Structures are given as structure tokens and as C-alpha cells.
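The next block holds one structure in the form of C-alpha cells; read it before the comments.
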Amino acid sequence: MSETIHFYKWAVTSQVFFKSKYTFALVNLRPLVPGHVMVVPLRTSVQRFTDLSPEESADYMNTLQLIPKLITKVYKADSLNIAIQDGPEAGQSVPHLHTHIIPRYKTDGYGDGIYSKLERNDTAASYEEFEKRKAAFRKSLDSKSELSVPDEDRQDRTAEVMSREADWLRSELEALA
């Protein structure tokens, strides 16, 4: 991909495995489970779902139909969680709209607890008001959730590992078409 693609303020071009006119899909720095990817609008000023233009919205929804098909196939998922945390009180951790695609399996044991795990899967944002709201929300959470893993115990994946996964998913997506 020739142009740099950003997720909020971070260059993520090597993590991207799909790009359309207004949307991209990328592998996750800290996936909750293997195959946890995200769909994101290209325009970095889109913080909330309602910030999408009608054209961006149509493209975003088309992508949200395509990428889950791919993830279900290549990760042999029984089901998926498709989650938008629309605002800091809803668990959104980065002020750039993104949708989590999370493969689920009959035997994974997470149940609805995956949402608690998702709420704690965050990267610090720099918008002052966003940070204040997010801090207030996180303070209100029960920190003793069995699925809560402290950030310091979760490992970032390397750029090389994420790039390899993005390359693999890109080739699988081409085969799906």
C-alpha cells in the first residue's frame, strides 16, 4: 500500500489487509483471541459511528459484511462478536471509530464476558475530554472480573508478526472473492 494509513495517530499500514475507498481492516496489536481484527474508517476525524458520511457509512457496512465472512472462514469460527464501542462510556478507548471482529467458538468459555475483556483492551488516547470520560468510566468498572487481564500482563505483538498475519489475510481475502 503506497499511502500511510492511520488508526487515530498511529501508522498501521503494515497491519492493513483490506482497503476500500473509505474503510480499512487491520490485524490487532493486542488481539483478545486469534483472528481478532478491526474495521476502521480511513478518515481519522471519525470518532463516532454517526460521524460517517452517507457514502462512508455504506462503504463501512459493506466492509462489515465482507471481513466477518473472511474471519469465519480462515479461523473456522462458530460465531463472531461484531462490536462497536461508540464513545468512552461504552468502552471506546481510541477516539477513532473502529469495529472489533472477534471469532468465537462453542468451547471458548467467554460467553458475554468477552465484553468486559474488550472494555479493558485499550490504548491511551490524547484528547483531553475523551481521556477524562474514559478514566471515569474505567474507574466505575469492577476490576475483579475473571476475564480482566491487566495491560501489563498482555503482550504487544511485533510489527513483523502483525505484517505476516495481514499478508496471510490479504491472500485469503483474494481467494474468497
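Strictly over 22 Å apart at the Cα level, which of Lys69/Lys106; Lys9/Lys69; Lys19/Lys69 would you flag in this model? Spell out each step's value before the answer.
Numbers: Lys69/Lys106 18 Å; Lys9/Lys69 28 Å; Lys19/Lys69 16 Å.
Distance filter (> 22 Å) returns Lys9/Lys69.
Please compute the net charge surrounding Ala77, taking Lys and Arg as +1 and Asp and Glu as -1 over other residues with Cβ under 12 Å from its Cβ.
+3
Using the Cβ atoms and a cut-off under 14 Å, what net charge is assigned to the surroundings of Glu172, where Lys and Arg are +1 and Asp and Glu are -1?
Net charge around Glu172: +2.
Each peptide in 93-105, 39-51, 3-15 was scored by the mean count of other Cβ atoms within 10 Å over its residues; highest first, the order is 93-105, 39-51, 3-15.
For Arg104, nonlocal amide neighbours, meaning residues 5 or more places apart or on other chains whose placed amide H falls under 5 Å from its own, are Asp78, Ser79, Leu80, Asn81.
No lab work stands behind these numbers, since they all come straight from the coordinates. None of these values were measured; they are calculated from a predicted model. Cβ sites come from the backbone with ideal geometry, for glycine too, and all protein chains shown count toward neighbours.
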